[in-house]
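Structure, as structure tokens:
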Amino acid sequence: MAHDIAQLRDLLESQIKEVTTPESLQKIEAEFLGRTGHISNLISQIKNIAPENKRAYGENINQLKNYIRETLLAKGSTISSNNKTPLDLTIPGIRPQSGRLHPTTITINRLNYFFRYYGFSVTDGNEIVTNRINFELLNLPPDHPARDLQDSLYIEEPNILLRTHTSSVEVETMIKEKPPIRVVVPGRCFRNETANSTNGAVFYQYEGLYVDENVTMGNLKWILEKFAKFVYGDKIKTRFRAKYYPQVEPGAGFDVLCTFCGGEGCSVCKYRGYIELIGCGMVHPNALKKCGVDNLKYSGFAFGMGLDRIVMTTFNIPDIRVLYNGDLCLS
């Protein structure tokens, strides 16, 4: 019987050399491992084996069966590899599409670089805020008429809303930290506004706050003029206008010459020649006091810029609405 097992091993090795297709390999598998194959015949003869030799005989059959399976599996892998279409390295490759940063992200990174250079830290905060953080601590009590200018989106009226400006993060910073404070805050804001070419219901603001001893309006003017030259070049024309904001006193508007019309007037600048870029001023003493800052010892300035307008003017995008409509041309 051992002679039969050795013969089957030799037979398998001689036949497997001639196999080149999956079909011929299946025939050999059936010949050796099928119901009427060689292994089945060996098993049927176990009744003729002496009792003391049956165990050894069975082990030899199992070893042969495992050897046959391993041999067939290895040959099948070889056939599959040989039948694969060869790789033609001369065929030109297909360049994959690469992702790019959104203009808003590029602008935020540039502004962060500028303000970090002058010692500001960059932070962010919650987009869902309380009425107290968003309004009251910024010198905007419930009956203040300036609230009508910010058509807020409430989650639970009147206490929980989507922030209308990133000034809420400045409030949280003044509450948590002690002066000197020097921080900028990029982030999304939300107002119930009808979208047009220069405004949207969801928009980005970039705000800054500096609180320390002896901070003056001159410090504010200096940093904003430096900022304008960094973004638009040394020849950019700027101007300050007196303007009212309840959270600052005095307040000002910082404008840059319209980059679309060169000051002649167009729909982007609303035919004024200048684009209102930043609202700013000295932090109102009441706002400092409400946030726990000693308003007799410390003063500070704050500014808030419409980041989307900076993106529009630096990338020559005439309509703010195309920034967030998923147009890949802006990538």
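Amide H to amide H, which residues 5 or more places from VAL215 or on other chains are under 5 Å from it, using H placed in the peptide plane?
Those lying under 5 Å, H to H, from VAL215 are SER299.
So how tilted is helix 167-176 from the main axis of the chain? Cα-based, degrees 0 to 90, rounded to 10.
The angle comes out at about 90 degrees.
Any idea how far apart ARG110 and ASP88 come out in nm if each label point goes 7 Å out from Cα toward Cβ?
Using points 7 Å along Cα→Cβ, the separation is 4.6 nm.
For ILE278, what residues show an amide H to amide H distance below 5 Å, using hydrogens built from the backbone and excluding near sequence neighbours?
Amide H neighbours of ILE278: PHE254.
Going by the alpha-carbon gyration tensor, a ≥ b ≥ c the square roots of its eigenvalues, is the stretch 2-83 rounded (a/c under 1.5) or, if a/c is not under 1.5, prolate (a/b greater than b/c) versus oblate?
It comes out prolate by the Cα gyration axes.
Can you give me the long-range amide H partners of VAL248? Hydrogens built in the peptide plane at 1.01 Å from N, cutoff under 5 Å, separation of 5 or more residues or another chain.
HIS284
To the nearest 20 debye, what charge dipole does the chain have about its Cα centre, counting +1 at the Cβ of each Lys and Arg and -1 at the Cβ of each Asp and Glu?
The calculated dipole for the chain is roughly 520 debye.
Treat each spin label as a single point 7 Å out from the Cα along the C-beta direction, and report the LYS237 to ILE43 distance in nm.
Output for this residue pair reads 9.8 nm.
Would you work out if the stretch 166-282 is rounded, prolate or oblate? Take a ≥ b ≥ c from the square roots of the eigenvalues of the alpha-carbon gyration tensor; rounded if a/c is under 1.5, else prolate when a/b is larger than b/c, oblate otherwise.
oblate
Can you compute 3J(HN,Hα) from phi for each residue in the stretch 215-222, using the Karplus curve 6.51 cos²θ - 1.76 cosθ + 1.60 with θ = phi - 60°, rounded to whole Hz and x for Gly and Pro?
7, 10, 5, x, 4, 5, 4, 5
Once the other residues with Cβ under 14 Å from the Cβ of TYR232 are scored (Lys, Arg +1; Asp, Glu -1), what is the net sum?
Computed value for this residue: +4.
Note the angle between two axes, namely the Cα long axis of helix 51-83 and the longest principal axis of the Cα atoms of the chain, as a number of degrees from 0 to 90, rounded to the nearest 10.
The two axes meet at around 50 degrees.
How much net charge surrounds ILE223 when only other residues with a Cβ under 12 Å from its Cβ are counted (Lys, Arg +1; Asp, Glu -1)?
+3
For the stretch 193-257, what does the alpha-carbon gyration tensor say about shape, rounded, prolate or oblate, given a ≥ b ≥ c as the root eigenvalues, a/c under 1.5 as rounded, and a/b over b/c as prolate?
Judged from the Cα gyration tensor, the stretch 193-257 comes out oblate (a/c at least 1.5, b/c at or above a/b).
Taking R0 as 56 Å, what's the FRET efficiency between ASN159 and GLN97 from their Cβ-Cβ distance, rounded to 0.05?
Calculated value: 0.75.
Gain in length, TYR244 to GLN26, computed as 0.36 nm per residue apart minus the alpha-carbon separation, to one decimal in nm?
69.7 nm
Show that you can apply the helix-only estimate: for the chain, add -39,500 (n - 2.57) for every DSSP H stretch of four or more residues, divide by all residues, and state [θ] at 222 nm to the nearest 500.
Only helices count here, giving -12000 deg cm²/dmol.
Suppose R0 equals 41 Å. What FRET efficiency, 1/(1 + (r/R0)^6) with r the Cβ-Cβ distance, do THR259 and GLU177 give to the nearest 0.05?
Once rounded, the FRET efficiency stands at 0.65.
When 1/r is averaged over all different Cα pairs and the result inverted, which Kirkwood radius in Å belongs to the stretch 1-149?
23.9 Å
Report the label-to-label distance for ASP143 and ASN66 in nanometres (one decimal), using points 7 Å from each Cα along the Cα→Cβ vector.
Taking the simple label geometry, ASP143 and ASN66 are separated by 9.3 nm.
Expressed as a whole number of Å, what is the distance separating the alpha-carbon centroids of the stretch 167-197 and the stretch 224-254?
18 Å
Applying 1/(1 + (r/R0)^6) with R0 = 56 Å to the Cβ-Cβ distance of GLU13 and TRP222, what FRET efficiency is obtained, to the nearest 0.05?
Rounded to the nearest 0.05, the efficiency is 0.05.
In whole Hz and in residue order, list the ³J(HN,Hα) couplings for the stretch 293-307 that follow from phi through the Karplus curve 6.51 cos²θ - 1.76 cosθ + 1.60, θ = phi - 60°; x for Gly and Pro.
9, 5, 7, 8, 9, 10, 9, x, 10, 9, 9, x, 10, x, 4
Take the alpha carbon atoms of the stretch 86-148, find their center, do the same for the stretch 293-312, and report the distance between the two centers in whole angstrom.
Using only Cα atoms to place each centre, the spacing works out to 17 Å.
How much of the calculated P(r) for the chain lies past 27 Å, in percent of all Cα pairs?
Cα-Cα pairs of the chain separated by over 27 Å account for 61 percent.
Computed from the coordinates by the stated procedures, all read-outs in this text should not be read as laboratory data. This is a predicted model, so every value here is computed, not measured. Methodologically, a virtual Cβ is constructed for each residue, glycine included, from the backbone with ideal geometry; neighbour enumeration extends over all protein chains shown.
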